[in-house]
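Quick notes on the structure that follows.
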């Protein structure tokens, strides 16, 4: 009992000291590691909150990557001594959804765009207008493109899976060739999608289920060719008695 | 009030001497702490990012305690401490190696966390609050049982609250000198005042706390003698 009672004010004051929690140093210092990606090597940086910066490995290597990181974030960064759990598997498979991201400093709009983009499955693509609709800003299509161009964590948040609705792949921070390589590595059939778009088909329905999807939706891949029906727009599909797919959510959100 | 006697403002020569003491140049005055400071600064000058973890590990306790006890703000004290270290890093990026090696690193960090908390409070005043006040950090000793722990936590909260009601300079001075145990020369540097003034802030703060603590202490056990207290406060 008496050991609880500080014998003097000075001793009691010593008891007011606060010790940092175990992970405190990680709240200050970022880590990075080179990771094998779907197309070549990536440099990935993370904070205590999550992944904050990704670059495709380039000439100049790690030194140039960390220099750009420090310039942008004003935060010390050192090579990780332990890998970030789940990072290697996510980078290899393109499934970035299970990882945590640190998007501190981005505009709210950009964060919403990236969150919607993170939900696009491997091997599928969505139009820019789809992202705009998903975040409740259907008219902000060009702004979506700009926000994706600022994506600090490409490949893991798959901005390469957002393409133009005319069937071309559109712009990419790392260049259109890289975007195409990433999509082909995921076995997206770009040639088929382009052919459909040029013939005016932007949605594909199943004549048996009467469900209409975006052309790259994985549910479409299971529909036999003879049961597929193409539509120019959702209104045309709707008047033919088709309802939008719950998985790829073409068009307006239900709640909107 | 014996502990509250202010010494005369030191002359320039005395200040130079204090500077030397603080640097750990004079033997026997302030050994290990200053040696460690020099070692950390040497590593920072060589490799800023690589040495920064050493800085955070060595002084996280001081910066966090100042954030929690001397500069309380509504936000989480660890957030504020982390923010202070990031500010320190951004400043160090602009310093050349010689300047980093010369740095009086502890008072410099304390100044940064105090400024950061001032900014955080100013920003918070501009925004209406929506969340309840964050709970303070309590040191936890795993050997104590729950009842004892609760009692200790109460005492800590009470003393922290009393500390919080002191005038800012006295509060900061008491925290630096008696909670994180900085030498008086570094307390003076952090407060930007002569050592005698710093000593006076410490003494007045202690005296004000003692008025309240004396009554609580009498309930629980004999308070230390005045002479002993004086010795401690002048240590």
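The values are calculated or read from the model by the stated rules, or taken from the named source; none is laboratory data. These numbers were taken from a predicted model, which means no experiment stands behind them. Every residue, glycine as well, gets a Cβ built from its backbone with ideal geometry; the counts of neighbours run over all protein chains shown.
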Out of curiosity, is residue A:78 surrounded by 13 or more Cβ atoms within 10 Å (Cβ to Cβ), farther than 30 Å from residue A:119 by Cβ and either away from chain B (no Cβ under 14 Å) or out of contact with any strand residue (DSSP E or B) (no Cβ under 8 Å at 6 or more places or on another chain) (or both)? no
Answer yes if at least one residue in the stretch A:21-32 is modelled with pLDDT of 90 or more, part of a loop (DSSP other than H, G, I, E, B), facing chain B (nearest Cβ under 9 Å) and surrounded by 15 or more Cβ atoms within 10 Å (Cβ to Cβ), and no otherwise. yes
Condition (residue is touching a residue at least 40 places away in the same chain (Cβ under 8 Å), in a helix (DSSP H, G or I) and out of contact with any helix residue (DSSP H, G or I) (no Cβ under 9 Å at 6 or more places or on another chain)) applied to the stretch A:201-223: is it met by at least one residue? yes
Flag for residue A:83 being surrounded by fewer than 19 Cβ atoms within 10 Å (Cβ to Cβ) and part of a loop (DSSP other than H, G, I, E, B): yes
Single residue of A:247, A:229 found to be at pLDDT 90 or above and either assigned to a loop (DSSP other than H, G, I, E, B) or out of contact with any strand residue (DSSP E or B) (no Cβ under 7 Å at 6 or more places or on another chain) (or both): A:247
Do we find a residue being without any contact (Cβ under 8 Å) to a residue 40 or more places away in the chain and within 14 Å of another protein chain (Cβ to nearest Cβ) anywhere in the stretch A:83-104? no
Residue among B:49, B:79 that is within 9 Å of another protein chain (Cβ to nearest Cβ), surrounded by fewer than 21 Cβ atoms within 10 Å (Cβ to Cβ) and within 18 Å of the chain's Cα centre (by Cα): B:79
Any hit, the stretch A:36-53, residues being within 14 Å of chain B (Cβ to nearest Cβ), out of contact with any helix residue (DSSP H, G or I) (no Cβ under 6 Å at 6 or more places or on another chain), in a helix (DSSP H, G or I) and more than 24 Å from residue B:59 (Cα to Cα): no
Going through the stretch B:59-76 one residue at a time, which ones are crowded, with 17+ Cβ neighbours inside 10 Å and more than 12 Å from the chain's Cα centre (by Cα)? B:72, B:73, B:75
Is the stretch A:117-124 home to any residue that is without any contact (Cβ under 8 Å) to a residue 40 or more places away in the chain and under 18 Å from residue A:250 (Cβ atoms)? yes
Just to verify a result, which residue in the stretch B:57-76, among those that are without any contact (Cβ under 8 Å) to a residue 60 or more places away in the chain and within 15 Å of residue A:27 (Cβ to Cβ), is nearest to the other protein chains (Cβ to nearest Cβ)? B:60
Selection status of residue A:64, assigned to a helix (DSSP H, G or I), more than 13 Å from chain B (Cβ to nearest Cβ) and closer than 22 Å to residue B:49 by Cβ: yes
In the list B:198, B:190, B:161, B:153, which residue meets the criterion of being part of a helix (DSSP H, G or I), within 23 Å of residue B:36 (Cα to Cα) and more than 10 Å from chain A (Cβ to nearest Cβ)? B:190
